[in-house]
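The values are calculated or read from the model by the stated rules, or taken from the named source; none is laboratory data. What you are looking at is a predicted structure, and each value in this text was computed from that prediction instead of being measured. No Cβ is skipped: glycine too gets one built from the backbone with ideal geometry, and neighbour counts run over all protein chains shown. SASA here: full protein model, heavy atoms, side chains in, ligands and nucleic acids out. Shrake-Rupley method; radii C 1.70, N 1.55, O 1.52, S 1.80 Å.
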Amino acid sequence: MNEPGRGAVLVTTPPPNRLRPIWPDDRRALDHRGAARSDPVVADGAAADPHAALSTVGLRKSYFRGAIEVPVLRGADLSVRHHEFLAIVGQSGCGKSTLLHLLGTLDAPDAGAVFCHGRRIDNLPVAQRDTLRNKHFGMIFQFYHLLPELTTLENVLLPVMVANGIWRYLRHRAEHRHRATQLLQQVGLAQRLRHRPRELSGGEMQRAAIARALIAQPKILLADEPTGNLDRAAGDGIMQLLRFLNTTQDLTIVMVTHDQTIAAGADRVIRLVEGRVEEP
Amino acid sequence: MYRLLLCWRYLRTRYIALASIISVMLGVATMIVVNSVMSGFTHEMQARIHGILSDMVFESRGLAGFPNADRHMQEIRRVAGAWIEGMTPTVHVPAMLSFQVAGQWQPRQVMFIGIDQDSYSSVSDFGQYLQHPANRRKLSFRLREGGYDVVDHQSGPSVPRRPQMAEAGWPWRRQKARFAQADANPAPATPADADTRSSDPFLARDQATSSGLAEGKTFDPARDQHAGAILGIALASYRGTDGADRFLILPGDDVRLTFPTAGTPPQAVSEALTVVDLYESKMSEYDASFVFAPIETLQLARGMYDPRTATIDPDTGQIDLRNALTYCTSIQIKVKAGVDLDLVRDRLRSHFPPELYGIYTWRDKQGPLLAAVQMETAILNVLLFLIIAVAGFGILAIFFMIVVEKTRDIGVLKSLGASGRGILGIFVGYGLGLGLVGSGVGLGLGLLLVAYINEIANLVSTLTGHPLFDPSVYYFHKIPTMVRPLTLIWIVAGAMSIALLASILPARRAARLHPVEALRYE
């Protein structure tokens with residue numbers, strides 16, 4: 001169902017004049033786009049941290065309020081190691097979510113680059129970015145964002161359905177459902193498979209969202225204020241679950257939060273101040 | 001897969017969209033009903049016209065006709081014989097029909113057609129339209145003893161009966177003769193006899209021309225009949241508002257026909273004929289203008305024969321045309337099934353001089369009427385399709401609403417890796433689904449309405465007290481319908497494509513939503 005390269009333009013790639021070279025290798029990265037697509041280990045990885053699961057170099061992003069340009073990120077450099085549980089904190093409006101969206105290729109930076117395992121990902125064609133989001137990143141959100149029309153199980157199965165066409169999905173339907181059920185058991189929702197999202201509590205919805213993020217067996221989980229809408233107990237439960245996944249399944253987690261106590265549960269905390277990363 | 005699942009869930013949960021397709025449904029249903037009734041009408045009419053007219057007619061442009069029909073038929077066979085199934089010569093002449101009702105002579109303008117009673121039924125469905133069962137099987141111009149249909153055999157038992165027809169035939173003729181006798185008898189003297197004769201101006205002329213009776217024999221209306229004639233049923237009847245027919249003339253009555261002779265200058269001649277049957281094709285144009293008689297009667301009366309070749313029958317003293325060179329005005333041609341009539345017509349036209357012969361298919365003869373019905377259908381279809389187009393705009397508006405409502409979900413799907421095409425697919429599929437449901441239900445509703453249209457018309461008539469379908473206006477007792485599968489396919493396909501088109505615009509908008517903005521949307 002996801003033919004590569006045929007999708008409508010989801011994310012407008014920045015116009016060429018805004019892709020000015022910010023470090024020497026950038027031009028080469030653009031020249032070798034073709035190579036970058038076929039071979040993940042490309043030379044421009046040298047500019048980024050080759051050991052990082054996810055890294056950014058000089059990320060810039062502005063929003064426009066009418067004609068006024070509001071800069072959000074002003075050259076954010078970040079490196080996330082494998083199996084790391086990283087928390088990004090900062091005041092609201094400092095660009096945490098924007099940074100997370102750029103990491104997850106939901107948005108394109110005005111300047112700078114995002115690398116995943118040494119491979120540049122922010123300038124990939126739309127179809128490849130779709131696949132990347134589908135297979136390599138799991139995403140969870142503050143407001144869970146489960147589809148209200150689908151049951152918990154169907155919500156969890158959604159990424160698999162997106163990845164597979166009808167026939168391929170139906171051929172392996174039993175496997176997929178088995179795996180989704182297992183995941184839901186893992187997050188403690190074994191009794192809630194047939195429930196609609198509105199019949200679940202906030203914590204349960206977030207657990208279902210985590211199961212959905214993990215169904216495609218991604219290496220990286222991007223969490224946008226996962227506890228922001230939950231009470232203390234439910235939030236702690238989610239944090240325990242994330243920690244558990246991080247240690248038992250080698251999942252790299254990048255979590256954005258404004259809550260210092262929640263952030264304290266992570267391996268490392270970085271602070272986003274005025275669009276730049278500050279390591280404590 | 002997710003597309004299908006979401007389409008299905010949206011279909012089942014968004015009832016507002018289902019409400020929007022009610023207009024699609026109604027549009028489809030209306031189109032089906034109108035098309036079925038129109039094509040039922042057209043079909044019925046075409047079948048009738050075709051049943052009355054032969055496939056093709058080869059006619060003389062002059063009123064005097066052409067000699068030797070056999071030679072012409074041979075020639076036609078030589079040119080297009082492979083396509084032709086049967087032929088029969090006829091004589092067509094405009095005439096005036098007069099008949100006496102309650103002492104008053106009533107005239108009618110008619111087309112007087114002389115037919116060959118053996119072969120005419122083989123080129124058209126003429127026989128089917130007669131009122132005596134025996135005549136339907138084998139046409140005869142002899143008056144029958146009785147047994148004419150009291151119930152219209154083409155419409156079934158539900159229509160009003162025709163009790164007058166029970167008396168028709170010889171009993172009616174004898175009864176009339178007895179009354180005439182009784183009227184004449186009170187004054188037994190010969191002058192009275194002369195008076196009655198002179199009161200019938202046609203009879204006086206008959207005496208002068210001594211109409212075909214053997215010498216020394218007098219015409220007794222209780223035992224003898226004139227040459228047979230078959231009258232169009234509407235010539236001598238009228239239909240009441242209750243749908244029942246009242247007859248002014250029944251089989252057994254005598255009528256007069258006045259028509260021009262074939263000579264130059266034409267002279268008017270009058271013939272007395274005895275009505276032997278009535279002809280009901282349910283095409284009022286024909287039922288109110290056709291009078292059929294044996295072709296020899298017309299040929300004799302109009303002088304359409306070569307006197308040198310005619311013989312006199314020694315028994316009856318009448319002129320015998322069996323071996324004579326006769327004239328006729330047209331040849332009716334029946335073409336084999338499946339043959340393109342226009343092809344045959346064009347072949348014949350190229351062979352016979354067009355100044356002398358007109359060659360037409362039955363469609364040519366009724367071209368304007370058929371074209372008018374076709375045009376009406378086309379205009380109605382355009383208007384009704386606009387209804388569905390309006391429904392399309394309803395879908396458009398509701399879809400935009402749904403896309404706005406689902407903005408966040410679209411962002412989620414994109415964050416899960418769904419492509420723009422995938423999102424487009426959801427909404428286009430949803431639109432298609434709505435179109436399918438709408439036109440499917442509309443199809444069912446339309447077919448149901450068509451199936452029970454007469455019951456519905458009756459119900460509306462009883463409720464409003466106004467007849468919806470007045471059988472005295474149309475010559476049908478029921479609303480004719482015909483469902484054409486191809487029309488159904490067209491209507492459903494049209495409705496579906498409108499639903500599809502209306503959903504594409506909102507779907508494109510959904511597909512182009514920026515995922516971050518969509519996720520941030522509250």
Between the modelled labels at B:Glu167 and B:Ala268 (7 Å from Cα along Cα→Cβ) the distance in nm is 3.1 nm
Full extension between B:Ile504 and B:Leu383 adds, at 0.36 nm per residue less the Cα distance, a length in nm of 41.2 nm
To the nearest 10 degrees, the tilt of helix B:170-184 (Cα long axis) against the first principal axis of the alpha carbons of chain B is 50 degrees
Length gained if B:Asp118 through B:Met401 is fully extended, taking 0.36 nm per residue and subtracting the Cα-Cα distance, is 94.5 nm
In whole angstrom, the spacing between the Cα centers of region A:89-163 and region B:344-370 equals 76 Å
Probe 1.4 Å, all chains present, heavy atoms only: B:Trp105 accessible area in Å², nearest 10, is 80 Å²
Pseudo-spin-label distance B:Ala47 to B:Arg246, built 7 Å along Cα→Cβ, given in nm, is 3.2 nm
Plugging the Cβ-Cβ distance of B:Ala493 and B:Ala337 into 1/(1 + (r/R0)^6) at R0 = 35 Å yields, to the nearest 0.05, a FRET efficiency of 0.70
Once accessible area is computed for B alone, A alone and the pair with a 1.4 Å probe, the total buried surface, to the nearest 100 Å², works out to 3000 Å²
Using alpha-carbon coordinates alone, the radius of gyration and Dmax of chain B in Å work out to 33.3, 119
Losing no less than 50 Å² of accessible area (probe 1.4 Å) relative to the isolated chain, the residues of region A:102-147 are A:Leu106, A:His145, A:Leu147
The answer for region B:375-454, accessible area per residue at 1.4 Å probe in Å², is 39 Å²
In degrees, nearest 10, the alpha-carbon axis of helix B:190-199 is tilted away from the dominant principal axis of the alpha carbons of chain B by 30 degrees
Residue-normalised value, i.e. accessible area per residue, for region B:1-97 at 1.4 Å probe, in Å², stands at 39 Å²
Excluding ligands, DNA and RNA, the carbon-plus-sulfur percentage of the accessible area of the protein assembly as shown with a 1.4 Å probe reads 57 percent
Computed over chain B: longest principal axis from alpha-carbon atoms vs helix B:453-464 long axis, angle to nearest 10 degrees, is 90 degrees
